[in-house]
Amino acid sequence: MKKLTVVISESPGKDPRKRELEANILAALVGQPDVAVSVVPHLYDLNEDHAGALFLRSVNGPLLVLAWLYPRGIHWTLDRLGVKGRVGQTQLKRASDEDDKNDGGKDDKPRLGAANAPARTIWSLDFQDGDTAEAHVQEIIRVAAQVKAAVKLSAAEAVPVAISSPPIQNLKSKIGNPPARRWYPVIDYSRCANCMECVDFCLFGVYGVDDAGRILVESADNCRKGCPACSRVCPENAIVFPMHRTPALAGAPGTKPGDLKLDLSQLFGAPSALDLADKERDAELVKDGREAVGPPKRQPCCDLRPKDALDKLMDALDGERL
Amino acid sequence: MAGELVFMMGNFRAVFPADRRYAANHTWARTESGGAVRFGLSAYAARLLQEVYFLEWSMDAGATVREKDEIGAIESAKANAALYAPMAGIIARFNDAAMADPSIINKDGYGDGWLFEMSGDASGTMDAPAYVAHLEASWAKAQALLKGQLR
Ligand code: SF4
Ligand code: SF4
């Protein structure tokens, strides 16, 4: 019988309340017949050959990952590690979130989509979406029951016989040691339109293009710690910094194009997101001993009519919607 | 009408009294009898924000600010925005009534729903016709988007 593999990704810090929630969920899941549970260090900090990443890649059946990241951050961090699948629908929500059904752009623009994603499903649960272990455990059991029912329905086909069952873990110890903290962008390919703005913008060589011409985060660790600049220039809001303190940059639900509460700050005289991005990048260049490059040719110098605050606002919105 | 100008935001009639001046960041400015310049949101800004339910100032009265310094934040059901100083000077006082009940900004934005008073040089502001021309110049672009963004 196929089980749901549940992987708990630990919090990066030592916050005892977080550790307690993790431990309580783990304890409750260990006795469950339909789930196989394992623990890895903080997902975002894993690099491709960390034992935790190897383990995650070895799971080719249905997978549920619980981490201290927004679900969108979890899904695309996994994708980046080569752990791919369809987005599973979950029912836990932060109290403040409303409706986040739609996970792609609303228009007809072609999106890249995940490369080589198999038909299996990956559910991503954010620890912060429930205060109590019970809420998470219930949701996990709901998903496990769904998996079990689906397996029964399609018992004969669909499920390859040779599925490698995950190695049995000693529950007291997690897989691999906690790695060093990392900082890098993660691309949400369900939104990315492969426009290459990010490659042109980042002057630290973080982005690259694969053989098929798809944008990718090639040299993640070249990214400047704390810098989120390129996520502000991405017209599709496809660049996620899962650990950024601004929810919209960290992949919070409800922050897809057109779904944000309007930010009218520009209307009242704020620097635009693009100006902010240039400033952030310049600060990183200077820290690196290089020269600031300032705003690019984005607004051509021949455009003499001074842009007013509202124009800038509309540009920003334009960029977000189209 | 003589005393005011109208700018149509779609079907919405945004009215701008001609008895005061306007800053590019969509606030109106009027010099009070004591010499202080009183600021509030123009009908254009109020319409974009819609029902305001939260208003906060990040400084105390008496603070000296440069033009465009961030001075506070405003939130409505539809939008968030930081607020910026429309000119350089000293923030003399905030409108307690608007703090206590921000909905007054929508109800009486040109009167009791004013935001703050400053002392400083307001000569960088525009008169009502110039402000409306400024809105007209940017509206074509705004229109399509606002229809999608705001109901
Ligand atoms: S800027 Fe955004 S949409 Fe364009 S290629 Fe980069 S991630 Fe994709
Ligand atoms: S955050 Fe900065 S350094 Fe990192 S990829 Fe983006 S632009 Fe480059």
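A short reminder: the numbers here are calculations on the coordinates, not readings from a lab. Computed from a prediction, not measured in an experiment: that's the story for all the values here. As a convention, Cβ positions derive from the backbone with ideal geometry for all residues, glycine included, and neighbour counts pool all protein chains shown.
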Problem set entry | Degrees between helix B:128-149 axis and first principal axis of chain B (Cα, 0 to 90, nearest 10) | 60 degrees
For this session: Determine the equivalent ellipsoid of region B:1-81 by diagonalising the alpha-carbon gyration tensor, then write out the semi-axes as square roots of 5 times the eigenvalues, largest first, rounded to whole Å.
Result: 23, 20, 9
For this session: Take each of the peptides B:7-18, A:178-189, B:79-90, average the number of other beta-carbon atoms within 10 Å over its residues, and list them starting from the highest.
Result: B:79-90, A:178-189, B:7-18
Problem set entry | Sum of side-chain charges, B:SER123 neighbourhood, beta-carbon under 13 Å (Lys, Arg +1; Asp, Glu -1) | -2
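Taking 35 Å as R0, compute the FRET efficiency from the Cβ-Cβ separation of B:ARG66 and A:ASP221 and round it to 0.05.
Between B:ARG66 and A:ASP221 the formula returns 0.35.
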For this session: For chain B, build the convex hull from the C-alpha positions and give me its volume per residue in Å³.
Result: 108 Å³
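Over its Cα atoms, what ratio of radius of gyration to 2.2 N^0.38 Å does region A:1-73 give?
1.10
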Problem set entry | Enclosed volume per residue, in Å³, of the convex hull spanned by Cα atoms of region A:4-156 | 132 Å³
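For every other residue with a beta carbon closer than 15 angstrom to the beta carbon of A:TRP183, add +1 if it is Lys or Arg and -1 if Asp or Glu, then tell me the sum.
Taking every Cβ under 15 Å from that of A:TRP183, the sum is +3.
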Exercise. Classify region B:84-127: rounded, prolate or oblate, from the alpha-carbon gyration tensor (a ≥ b ≥ c, eigenvalue square roots; a/c under 1.5 rounded; otherwise prolate if a/b is larger than b/c)?
Worked result: oblate
Problem set entry | Inter-probe distance in nm under a simple model that places probes 7 Å from Cα toward Cβ, at B:ARG13 and A:LEU276 | 3.8 nm
Exercise. Can you give the mean number of other chain Cβ atoms that lie within 10 Å of the Cβ atoms in peptide A:17-27?
Worked result: 0
For this session: Report the net charge of residues surrounding A:PRO41, where surrounding means a beta-carbon distance below 9 angstrom and charges are Lys +1, Arg +1, Asp -1, Glu -1.
Result: -1
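As a test of the formula, what do you get for chain B when each DSSP H run with n ≥ 4 contributes -39,500 (n - 2.57) and the sum is divided by the residue count, at 222 nm and rounded to the nearest 500 deg cm²/dmol?
-7500 deg cm²/dmol
Evaluate the relative contact order of region B:32-121 (contact order divided by residue number), counting alpha-carbon pairs under 8 angstrom at least 6 apart; express in whole percent.
Relative contact order, region B:32-121: 36 percent.
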